1. Of the residues B:Ala78, B:Ala88, which is in a helix (DSSP H, G or I), within 9 Å of chain A (Cβ to nearest Cβ) and buried (at least 23 other Cβ atoms within 10 Å of the Cβ)?
2. In this structure, does B:Phe137 turn out to be closer than 23 Å to B:Ser49 by Cα and either under 16 Å from the mean Cα position of the chain (by Cα) or in a helix (DSSP H, G or I) (or both)?
3. Please go through region B:58-73 and pick out each residue that is within 12 Å of another protein chain (Cβ to nearest Cβ) and closer than 15 Å to B:Met23 by Cβ.
4. Please verify whether region B:103-120 includes one or more residues that are over 18 Å from B:Leu38 (Cα atoms), at pLDDT below 90 and small (Gly, Ala, Ser).
5. When you scan region A:206-256, how many residues do you find that are β-branched (Val, Ile, Thr), exposed (fewer than 13 other Cβ atoms within 10 Å of the Cβ) and under 36 Å from the mean Cα position of the chain (by Cα)?
6. From the list A:Glu125, A:Glu120, which residue is assigned to a strand (DSSP E or B) and either touching a residue at least 40 places away in the same chain (Cβ under 8 Å) or buried (at least 19 other Cβ atoms within 10 Å of the Cβ) (or both)?
7. Scan region B:20-60 for residues that are in a helix (DSSP H, G or I), within 20 Å of A:Leu27 (Cβ to Cβ) and in contact with a helix residue (DSSP H, G or I) (Cβ under 8 Å, 6 or more places away or on another chain) and report the count.
8. Could you tell me whether A:Leu210 is in contact with an Asp or Glu (Cβ under 9 Å, 6 or more places away or on another chain) and more than 18 Å from A:Glu120 (Cα to Cα)?
Amino acid sequence: MAYIGGMKSKSLRSRWIFLLIGGIWTLHFIWVALSPLSIRTEVFDTRISRAVLRWMNERHQREVARIESRRMLGDVLLENQQLKEANQILQGQQRQWTLDRETLDNLSQMLELQKSTSPEATVAEVIYHPRPRFFGTFVINKGEREGLRIDQPVITTQGVIGRIWSVGIHQSKILPVDAPNIGMAVYLSRSNSSGILQGRSQNLGEILYLRSETSVQIGESIFTSGLDNIYPRGLLVGRVKEVRNEGGSTRVLVQLSPRLDQLRYVLILPPPTPIESLNDPVVQQ
Amino acid sequence: MSTALSFVTLRRVLALLALVTVMSTGAYPLAQWMVHTLLLHGFGLDPRSWILSTLWLTLSGWSVELSLRTTPALGALAFANLTVGLIALFLIKKFPPFTYFAHLAQWASAYVCHLLLYLAGSWRLNHIWAWDPIYVFTLIALPFGAALSWRLTQWERKRKL
């Protein structure tokens, strides 16, 4: 008899496969055809499907919550960006308002100073400021067209700034009070002695030609004497910073009152009255 | 000469790709139904393996129903797939088509039978008439799917797969 074991095993395998396929199909058939049976509705609809649906619902809720939180985070980030931009705009406005307020305060002070000195005085703005360069001059925005002339004194609320050095059409240069070639007639308030102030730069000056017996005290106020026919008498110049006795002469160093490196608005006083020529005969009318 | 054939064939690779596409196109019912039809009547009927054919038919039916979930009680499509697909596979093995038109006729008749059985099963389970125009669109596009599977069948015959 021939060996048929392999054929037997192959047919058995095929039979199991067809049994499996038939089982799968039968399960589906029962599922569909016998669906109204209570066994399916009881087991599937009340126990299995509810659990599955609950699980799916929870997954769905988590997904919705995740999307919502992501959307909220996006909204918060967008709002944060908008607030940052608004904050920058407000900070810019605040800076501008601070500058405007400072300008207004300066102009108010200049107006008060103008009222207390001379109504013909002119307010000007410093538009070029080379400090702390040595021999540096200021440039203001008023010139010949606005009626300025050379040697008009320039002051602020803190004291004397200098005088007009040169005049352009709409701009002028100011020789500061700490320039070495300033030459200002001053007097000491307490000792009442006169001298000539010469600039030493860096907001410092030195009083020359003081009498040797003059007793000068540190901190003493110094005013313009008006004897140079440029600055009117009584303008504050500074205070005595240091007194040195060198070889019989007295050197008086002066700390000038106005901060020359922080100028913005200045007041230009009217030009001095020209001195008449005393050699010319007076014509009797 | 040894004629041992590989388990991985072009038909099985295409069937797997079609199944993945069916699973991932739940948001596009027309495309999903077309790919499902291609898998059901074209790639899924593997003459070399009854069990693999059963696997493709069952999985494709449940994938479509689980992704759509248009009816509360599912299973009608998998049942229709299994019933029509296994009968169609038996007929293909018993009476293999030798022309494209015979192949197309088998496709179209199987498609109509499958659709009717699905609708009947769905009615049995849910008591609703689950009609949709996408069935007509798929029927119109049927020659393209049939041509594709015909080319695959011809290629397999040449390779003696």
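1. Values: B:Ala88 fails: within 9 Å of chain A (Cβ to nearest Cβ).
Of B:Ala78, B:Ala88, the one residue that is in a helix (DSSP H, G or I), within 9 Å of chain A (Cβ to nearest Cβ) and buried (at least 23 other Cβ atoms within 10 Å of the Cβ) is B:Ala78.
2. Details: closer than 23 Å to B:Ser49 by Cα: no; either under 16 Å from the mean Cα position of the chain (by Cα) or in a helix (DSSP H, G or I) (or both): yes.
Taking the combined requirement at face value, the residue does not satisfy it.
3. Taking region B:58-73 and keeping what is within 12 Å of another protein chain (Cβ to nearest Cβ), we get B:58-59, B:61-62, B:65-66, B:69, B:71-73.
Of everything in region B:58-73, those that are within 12 Å of another protein chain (Cβ to nearest Cβ) and closer than 15 Å to B:Met23 by Cβ turn out to be B:Thr58, B:Leu59, B:Gly61, B:Trp62, B:Glu65, B:Leu66, B:Arg69.
4. No, region B:103-120 has no match at all.
5. The first filter runs over region A:206-256 and keeps only residues β-branched (Val, Ile, Thr), leaving A:207, A:214, A:216, A:218, A:222, A:224, A:230, A:237, A:240, A:243, A:250, A:252, A:254.
Applying the additional criterion that residues be exposed (fewer than 13 other Cβ atoms within 10 Å of the Cβ) yields A:218.
Subsequent filtering for residues that are under 36 Å from the mean Cα position of the chain (by Cα) retains none.
Residues meeting the conditions: 0.
6. Values: A:Glu120 fails: assigned to a strand (DSSP E or B).
Answer to the check: A:Glu125.
7. Pass one, region B:20-60, residues in a helix (DSSP H, G or I): B:20-24, B:29-43, B:50-60.
Then drop every residue that is not within 20 Å of A:Leu27 (Cβ to Cβ), which leaves B:40, B:50-60.
This time we only want the ones that are in contact with a helix residue (DSSP H, G or I) (Cβ under 8 Å, 6 or more places away or on another chain), so: B:40, B:50-54, B:56-60.
Matching residues across region B:20-60 total 11.
8. Details: in contact with an Asp or Glu (Cβ under 9 Å, 6 or more places away or on another chain): no; more than 18 Å from A:Glu120 (Cα to Cα): yes.
Considered against the rule, which asks whether it is in contact with an Asp or Glu (Cβ under 9 Å, 6 or more places away or on another chain) and more than 18 Å from A:Glu120 (Cα to Cα), A:Leu210 comes out as no.
The values are calculated or read from the model by the stated rules, or taken from the named source; none is laboratory data. Note that the structure is a prediction, hence the values are computed from the model and not measured. Positions of Cβ are generated from backbone atoms using ideal geometry, with glycine treated the same way; all protein chains shown enter the neighbour counts.
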